[in-house]
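J.: Quick one: the structure is below, and I'll ask about it shortly.
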Amino acid sequence: MVKAEEVRRTGKKILYLNIGDPVKYGFDTPPNVKNALKKAVDAGSNYYAASEGVKDLRQAVAEKENSVNGAQIDPRNVMITQGISEAISFLMGAIVNPGDEVLLPGPSYSPYMTYVKFFDGKPVAYRTIEDRGWAPDLSDLVSKVTARTRLIVIINPSNPTGSVYSRNELSRILEIAASHHIPVAADEIYDRIVYDGAFTSLASIAKEVPLFGLNGFSKTYMMTGWRLGYLYRQDPGDEMKDVWDAVQRISRVRLCVSTPIQLAGIEALRGPQGHINEMVSKLKRRRDLIWKRANEIPGLFATKPAGAFYLFPRINEIGHRWKSDYEFVTELLRETGVLVVHGSGFDPMYGKDHFRAVFLPDETILTEAFDAIEDFMKRH
């Protein structure tokens, strides 16, 4: 973004394909949710809420996860957070001690790596296989489990690749976790933005393995700037009781999430849900367009994303024409104004030689951007 601003000041038009924010691209927060926020403010609900969250919202979250995703959670095991980023921070702060290891998919949503390091832990990436739609490499995952492994993270559907794990793959990961007595964290914020086939929530099959679920309102309900998310615990054996106690202690340090926004969150979960199908239908058309265009451009290859709203193409000329994917996206930005994200930012090994582009913009902007990318590749 800093480089994009420098380029913009020269007078060049910027085509933003960099940020996973539906609201920036014309998708709008449902009217009933906006009205619920206004009513909450006007009704005087502008006080501190409980640190763990408004009771009715925690109940609504449990209802949603239990009915939509097949979870078995009690509202008392739900923590309302300021977006998923805070949920990641709370979880890593509660579970990671210096030198501990956390297994993450490679490539991965970068704040997971950042927060593990912040608490003096070591993020360890397990390979995902591009030619199999970025499916997890289970053999690689097993090989990277050590005595210091404290958590296995799954991001499904994936940011940045758009992969959706199969039920069998998820079951195998749970078997690995159970055999080594390791809890699992499932980031499922794109759970309702899926295009091909069914989505299986880890909570629906993790009946014995302790599970921490992370989800939120930013994507499905187009509430990115509202900063509303949640963390929950599904832990039949109460094995993670001390970790959950630590999460609650950490939450008290920051007091609470905005009370009026939490009350609007209740309306989001319990109100009309028709906007979701409409959003997914639009995104599927845009997904098909951008995937087709990327694979028509010599020098690029992209697997078809099955969920979320990201494409993660491979750049075949890295090491020849460009030294790195970072150099590629920087040069692309300066020459064409197209802003994408370098893949190595999502993992230095498994994300390198790629870039991430969102397909949230309308078809006109996507076409203009990929016309520019095609011209850029032909020139070089």
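The values are calculated or read from the model by the stated rules, or taken from the named source; none is laboratory data. Note that the structure is a prediction, hence the values are computed from the model and not measured. When we count neighbours, we look across all protein chains shown, and the Cβ atoms used for this are built from the backbone with ideal geometry, even at glycine.
To keep it simple, each residue is scored yes or no on (1) assigned to a loop (DSSP other than H, G, I, E, B); (2) within 20 Å of Lys241 (Cα to Cα); (3) outside the structural domain of Val338 (by TED's automatic domain parsing).
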position	(1), (2), (3)
Thr10	yes, no, no
Asn46	yes, no, yes
Gln72	yes, yes, yes
Arg76	no, yes, yes
Gly93	no, yes, yes
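J.: Which condition does Ala268 not pass, out of (1) of a type outside the set (Phe, Trp, Tyr); (2) free of Cβ contacts under 8 Å to residues at least 60 places away in the same chain; (3) part of a helix (DSSP H, G or I); (4) in contact with a helix residue (DSSP H, G or I) (Cβ under 9 Å, 6 or more places away or on another chain), if it passes all the others?
T.: Answer for Ala268: the failing condition is (2).
J.: Within the stretch 95-127, how many residues are part of a loop (DSSP other than H, G, I, E, B) and within 16 Å of the chain's Cα centre (by Cα)?
T.: Of the residues in the stretch 95-127, 4 are part of a loop (DSSP other than H, G, I, E, B) and within 16 Å of the chain's Cα centre (by Cα).
J.: Which condition number in (1) surrounded by 21 or more Cβ atoms within 10 Å (Cβ to Cβ); (2) under 24 Å from Arg356 (Cβ atoms) is the one that Thr81 fails?
T.: Against the list (1) surrounded by 21 or more Cβ atoms within 10 Å (Cβ to Cβ); (2) under 24 Å from Arg356 (Cβ atoms), Thr81 comes up short only on (2).
J.: I would also like to ask the following. I'm checking my understanding of the structure. Among residues of the stretch 226-249 that are part of a loop (DSSP other than H, G, I, E, B) and touching a residue at least 24 places away in the same chain (Cβ under 8 Å), which one is surrounded by the most Cβ atoms within 10 Å (Cβ to Cβ)? Write out each step before concluding.
T.: In the first step, residues of the stretch 226-249 are kept if they are part of a loop (DSSP other than H, G, I, E, B); the result is 227-228, 235-240.
When the remaining residues are screened for being touching a residue at least 24 places away in the same chain (Cβ under 8 Å), the result is 227-228, 235-237, 239-240.
Details: Arg227: 18, Leu228: 26, Asp235: 20, Pro236: 12, Gly237: 9, Glu239: 13, Met240: 20.
Here the answer is Leu228.
J.: So which residues in the stretch 186-225 are part of a loop (DSSP other than H, G, I, E, B) and either among the hydrophobic types (A, V, I, L, M, F, W, C) or at positive phi (or both), if there are any at all?
T.: Once the filter is applied, which keeps residues that are part of a loop (DSSP other than H, G, I, E, B) and either among the hydrophobic types (A, V, I, L, M, F, W, C) or at positive phi (or both), the stretch 186-225 yields Ile189, Ile193, Gly197, Ala198, Phe199, Ile205, Ala206, Val209, Phe217, Met222, Met223.
J.: Could you tell me which residue of the stretch 172-185 is surrounded by the fewest Cβ atoms within 10 Å (Cβ to Cβ), considering only residues that are assigned to a helix (DSSP H, G or I) and among the β-branched types (Val, Ile, Thr)? Full working, then the answer.
T.: Our first condition is that a residue be assigned to a helix (DSSP H, G or I); within the stretch 172-185, this holds for 172-179.
Then keep just the ones that are among the β-branched types (Val, Ile, Thr); that gives 173, 176.
Values: Ile173: 25, Ile176: 19.
So, considering only residues that are assigned to a helix (DSSP H, G or I) and among the β-branched types (Val, Ile, Thr), the one surrounded by the fewest Cβ atoms within 10 Å (Cβ to Cβ) is Ile176.
J.: Since Thr336 meets every condition but one in (1) buried (at least 20 other Cβ atoms within 10 Å of the Cβ); (2) within 25 Å of Ala125 (Cα to Cα), which condition does it not meet?
T.: Here Thr336 meets the rest and fails (2).
J.: Additional query: If you check Pro210 against the conditions, is it in the same structural domain as Ser67 (by TED's automatic domain parsing) and at pLDDT below 95?
T.: On the way: in the same structural domain as Ser67 (by TED's automatic domain parsing): yes; at pLDDT below 95: no.
Spelling it out, it is not the case that Pro210 is in the same structural domain as Ser67 (by TED's automatic domain parsing) and at pLDDT below 95.
J.: Going through Asp196, Asp137 one at a time, which residue ends up being of a type in the set (Asp, Glu), surrounded by fewer than 24 Cβ atoms within 10 Å (Cβ to Cβ) and at pLDDT below 95?
T.: Residue meeting the stated conditions: Asp196.
Condition check ((1) charged (D, E, K, R); (2) buried (at least 21 other Cβ atoms within 10 Å of the Cβ); (3) over 16 Å from Trp134 (Cα atoms)) across all residues:
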| site | (1), (2), (3) |
| --- | --- |
| Arg314 | yes, no, no |
| Trp322 | no, no, yes |
| Phe328 | no, yes, yes |
| Gly351 | no, yes, no |
| His354 | no, yes, no |
| Thr364 | no, no, yes |
| Ala372 | no, no, yes |
| His380 | no, no, yes |
